[in-house]
Amino acid sequence: MPPPTVLDSWLSGRHFGIVIDAGSSGSRVQIYSWKDPRTLTVEKGSILSKSLPKVEKGTRDGEAWVSKVEPGISSYADTPEDIAEHLRPLLGHARNLIPPSLAQTTPLFLLATAGMRLLPPEKQARLLQAACHFLVTHSDFSIEDPSDAGPCGSSVRIITGEEEGLFGWIAVNYLMDGFLESQTTYGFLDMGGASTQIAFEPQAAHVDDQMTLIDVRLRLLGGEEIHHKVFVTTWLGYGTNQARERYVGQAINDHEHTRPEGGDDVVHDPCLPVDLELSENPVHLSASSDHAKKTHRLLGTGSFEQCMRKTAPLLNKTAPCPDTPCLMNGVHVPEIDFSVSHFIGVSEYWYSSEHVFGLGGPYDFVQYERAASRFCSRPWASIVTEHEDSRARNHLLAGDGEVEKDGKIVEVGNWSDDVELSRLEMQCFKAAWIANVLHEGIGMPRIIDIGGNNTTDGEKVAQQAENKGLGKPTFQSVDTVNDIAISWTLGKMVLEASKEVAPLAKSDPPLKDPLDEPINHDSPIKPIRPPLIDFSAIEDKITPHLPAAFSRSSLGFSPVLFLFWCMLIFLVILVTYPLRRRLRALCLRTIRDRKGLMEEGKALNGGSFSRPASPTAGARRWPWSRPLRRLLSFPSARPTRPASFSMPLNGNGFSSPTSATFAPFPAPRSPIRASSYSNSIPAPAYGSASASSRSPSPAPPFMDMDSDLNGNGNGHGLSARSRNSSQKNLSGMVPRSRVPSGTGGNRY
């Protein structure tokens, strides 16, 4: 599809933004657009002034605004050079949709999520560097310069689960009008393959000073800023794929404890449809036997109720809770008032409810449990047959084959052709895990249907919730609103568009991502910054090859870190040793210049000054510097100073070359020297003899003009500054006599 042309009216004044969502199972590029806020006419107090910029798809029509490739970039951890081929089609898709004239002003973000968070920091850094290099060298899109955030600044980085939750919270409330003044904001629930997040704005009654809340700042089109205090947390390992791996490991461990000697390796699994058999490689979190580490066969028994019971311990509700109340795994979460706070679930909450059960939207546990129990108890062979027939007929209906008429099931097998067999294999487990997280983990109340199971209708759930005093549905699974998908990437683009709105006052600070806001710097939630050098990973690799005496446990410190500092010190010495003479001379010159300026300043202020201390005097004050001074010192022959000479003054006050007397220079200890007249010689008429300076004075020598006018002609008031230590012979100078002045006073 060619990009729009400049003459396109839809393109006029439009800005674009690109986000590559690098998830655990694949990477998805999403292109958004919005009107430049500076081109909009916004009247003060209007509805538009109270709204955020309208973020839309990056295309006028169709679904070309999004494209996905598999697998996730974390699968390239060992071959980061291959990530270019992974990103090439995504970058090409974006170039085809965005006009070249707008490329340089279009921000491009590659933000990696849970899959990358599970990698060691060393592999994270290598992947980010490879991705950054490819995007910078193969596109003209706006990418930040290197910074502490990463090789491409904040444009290419790993976002925390908390950031993912905050962006999702912004997206939900943006689409559901949660930012209106009269509206209570919605809570946000997101579950992927590796992690799950919750983000909501606690009620004021449940907030205390010790609570960790993130300040989210957005700017409306009228220039006004809105602030919300949001609680957000994430549970890594609580996504559906990671939870399944933990479940398999626990199921195999339980099987090994009851397996008789010589028994088979078949594990009966209630979380699989009947007779579905899978071979699983266990992931164990605790010690187990060698036999338990082997591949086992899992045979489905298809019981949703048993699956709920077996997956509930994975929530780890019994973990210590340092700060009550806690939800899963001992993580503190403020108390949630579900009569006020209503939640929107996306991603796996939507897929597990809608794609197979056809129950997306307002949630009712009774209807959900009924659909899940019926699906889990079905033989796998019948599910495969129904799936193949459904795809052959190209049905566009969603649901698990349940065509309902008068409250009764009259037909099955009408899955959407988007449903894959892999989804059907895991549907029973995912349905049980979703229900356990909602009700046992988060504590969301179950809606009990007073009319019985047979009269529950998904379209009436909202009305049922209101009749039971809950108002809006406590929980809804949602995929799109107004044809815009709810995703954390949308929240990121809403924030980027909001940054372009001019503030009401020029002194207002620019908008930043929530975790980069100065007000949130004290938050325990920190952005992920992979180090350039991962000492822990290096240590893990070399420790097996070192003697036991050189291990961290024996030494009490990291041998890798110790060697690193030793090498760094050695390199510093290696570089500075050849330059020691220049460095020493530079230091001495700096000291001389500074002391000279200080003494000249004292002289100009009328203060007395004395001979400066020798540079070697510091050795007595800082004995620890002796080795360093010895290292930097070097032998050098002092240049022979020429003999100085002095020329006695003649009767006219000028020196006579024929009467010059030569005397050797004294050996001064400092390049800054001072000289003074003998106490027996009076001061000149209009000035005083000053100390010898390093630089010649531009002023003329002091002369006794009165003496010349009166005919004395002695000229004994002559003095001048000298750059060297030469001295004048002043034996011919005599004191001036006091003469009366015309005003009756005496003067020289």
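Condition check for Glu305 on (1) outside the structural domain of Ala205 (by TED's automatic domain parsing); (2) at pLDDT below 90: one failure, at (2).
Considering segment 502-553, the residues that are modelled with pLDDT of 80 or more and among the charged types (D, E, K, R) include one that is nearest to the chain's Cα centre (by Cα), namely Asp516. Checking each residue of segment 195-214 against the condition of being at pLDDT below 90, buried (at least 19 other Cβ atoms within 10 Å of the Cβ) and closer than 30 Å to Met308 by Cα gives at least one match. Criterion applied to Ala431, Ala381 was being over 30 Å from Asn329 (Cα atoms), among the hydrophobic types (A, V, I, L, M, F, W, C), outside any strand (DSSP E or B) and at pLDDT 90 or above, and the one residue passing it is Ala381. The set of residues in segment 217-229 being assigned to a strand (DSSP E or B) and surrounded by fewer than 22 Cβ atoms within 10 Å (Cβ to Cβ) consists of Arg217, Glu225, Ile226, His227, His228, Lys229.
I'd like the full set of residues that are touching a Phe, Trp or Tyr at 6+ places or on another chain (Cβ under 9 Å) and within 17 Å of Asp522 (Cα to Cα), limited to segment 200-227.
Met211, Thr212, Leu213, Ile214, Val216
Here segment 140-163 is the region considered, the condition is being surrounded by fewer than 23 Cβ atoms within 10 Å (Cβ to Cβ) and more than 18 Å from Met493 (Cβ to Cβ), and the residue that is nearest to the chain's Cα centre (by Cα) is Ala149.
Of all residue pairs spaced 6 or more apart or on separate chains, those with beta-carbon atoms under 8 Å, a first member in segment 90-113 that is farther than 20 Å from Ala149 by Cα and assigned by TED's automatic domain parsing to the domain that holds Cys132 and a second member that is surrounded by fewer than 19 Cβ atoms within 10 Å (Cβ to Cβ) and among the acidic types (Asp, Glu) are Pro100/Asp140; Ala103/Asp140; Gln104/Asp140.
The values are calculated or read from the model by the stated rules, or taken from the named source; none is laboratory data. As the structure is a prediction and not an experimental result, all values here were calculated from the model. Note that we place each Cβ from the backbone using ideal geometry, even for glycine, and neighbour counts take in every protein chain shown.
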